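Throughout, read-outs are computed from the coordinates displayed, never taken from laboratory work. Model, not experiment: these values are computed from the prediction. As a convention, Cβ positions derive from the backbone with ideal geometry for all residues, glycine included, and neighbour counts pool all protein chains shown.
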Amino acid sequence: MSNLETRPAEQVCGPDPGESVELLSARDVPLGGPRAMTVRRTIPQRRRSLVGAWCFCDHYGPDDVATSAGMQVPPHPHIGLQTVTWLFAGEILHRDSVGSTQRVRPGELNLMTAGRGISHSEESPAGTPEQPRPPMLHGVQLWTVLPSTARDVEPAFSHHDDLPVAQTAGARVQVLLGSLQVAGERLVSPAPTYTPLVGAQLDLDAGTELDLDVDAGFEHALLVDAGPATFADTVVPPSDLAYVPPGRTRLRVTAGTEPVRAMLLGGVPFEEDVVMWWNFVGRTHEEIVAARADWSAQVADLPDGGTDYAAGADRRRFGRVDGYDGGPLRAPALPDVRLRPRRRPPG
C-alpha cells in the first residue's frame, strides 16, 4: 500500500527508549482523493517509529466495499523495505513491476521486497455476477525496514497461503513472518525476512488467556483489532498498539468478556538510523531525493490532468505495472528542509 498523503511528514526513525508498557493511539489518515479510504496509523509516529524492523502499521476496516470502489491504490514506488499485506476479511488484487498478479485473502500473505526499487498497485478487485466481490474489507498493511546489507537486493514478490497455525485452549495463533513458540510448538513462517522478527495473528475466545514464550532480545507490540485485550497487564483498546521493550521471555494476552483479535509484532531493536519519507525508506537525504527524481522521471502528465508512464518506464528503476485501470501516482513535493536521520538516544 502507498502512503497517499499529499504532504507526507518526514519520519526520522531510530530505536527509542520506552516505558515498560507504552500505549500508542492511532491517527486517522485518508488515503487518496475522491475514492479515498481511511486507515488508522499507529506507527510511525512521534513517540515511536519502529518495533524491531516493523516501521509502518496501517489498520483499516471493516469497510463496506460492496457498492464502492473499495481500495484503489494506483501504481507507486518503494525502496528499502518489505510490504506485508494481511487481511481479516475481503480480498485485494496486487500487481507489480516484476510481473506479479496475485489476489490475497484472509489467512494468506502477500510479501513484496522492494530492495533497490519496485512499483505496485493494490485494489479491491471487480466482482462478477457469478463471483461478486466480498462485501467487506478489513485488515492491516505493514512495512519492515531492510537492513543496509539487503536494502539494494533485487526486487521480489512472494505469496504464502499455507502458513503455520497452532490451536490451544480457546486460542488460535497464525504466524505470518518469523517464528513463535506456542504451547510448546515452534511455528515457523516460510516467508523470507532479513532481520530477526515475528508477526502473528492472535484470536482468543472470550475469557481466554494465552501465554507466549518469546525471545528476550526482541521488543514487541500488540495491535488490537477486536477487544479490548489485556497485554502485559495493560488494557489495550481496539485500534491501539501496546509496546513492550526487550527483556521479557513470556507475554500474556487475555480476552475479557469479548473475543480478541490482535496482531503481535516484534523483533530485535533496529540499530540503524532510518529516514522514511512517502514510500521510501533510506538512510540519507540524498538517497530519498534520488529515488523521488527517478520515479518522477517515469511519470508523464496528461492534458486532462491525469498521468501515464513516460517512454521507456519499463526499463527504468521502478519498472511498470501493467493491468491497473489508471496512471501511476505523482510523487508529492519534498519538504523545504533537509531530511536528517536521528541519532540513537543513549541508554
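5 Å is the cut-off here: which amide hydrogens, built 1.01 Å from N in the peptide plane, fall below it relative to A310, excluding neighbours closer than 5 in sequence? Correct list: V299, A300.
Across segment 38-101, the relative contact order, built from alpha-carbon pairs under 8 Å that are at least six residues apart, equals 21 percent. Anisotropy class assigned to segment 127-229 is oblate, per the alpha carbon gyration tensor with a/c at or over the 1.5 cut-off and a/b no larger than b/c.
Sticking with the crude label model, points 7 Å out along Cα→Cβ, report the distance from D325 to R340 in nm, one decimal please. Reported label-point gap for D325 and R340 is 4.8 nm. The fewest-to-most ranking of T144, T101 by surrounding Cβ atoms within 10 Å reads T101, T144. Each residue of segment 252-261 was assigned a 3J(HN,Hα) from its phi angle through the Karplus curve 6.51 cos²θ - 1.76 cosθ + 1.60 (θ = phi - 60°); the sequence is 10, 10, 10, 9, x, 7, 10, x, 10, 10 Hz, with glycine and proline shown as x.
Give me W295, W86 ranked fewest to most by other Cβ atoms within 10 Å of their Cβ, as a rough exposure proxy.
In order of increasing Cβ crowding within 10 Å: W86, W295.
Working ranking of peptides 111-123, 269-281 by packing, defined as the average number of other Cβ atoms within 10 Å per residue, highest first, is 111-123, 269-281. Of the residues L302, V98, V165, the one whose Cα sits farthest towards the positive end of the charge dipole of the chain is L302 (charges of +1 on Lys and Arg Cβ, -1 on Asp and Glu Cβ, taken about the Cα centre). Taking all Cα pairs closer than 8 Å and separated by 6 or more residues, the relative contact order of segment 11-267 comes to 19 percent.
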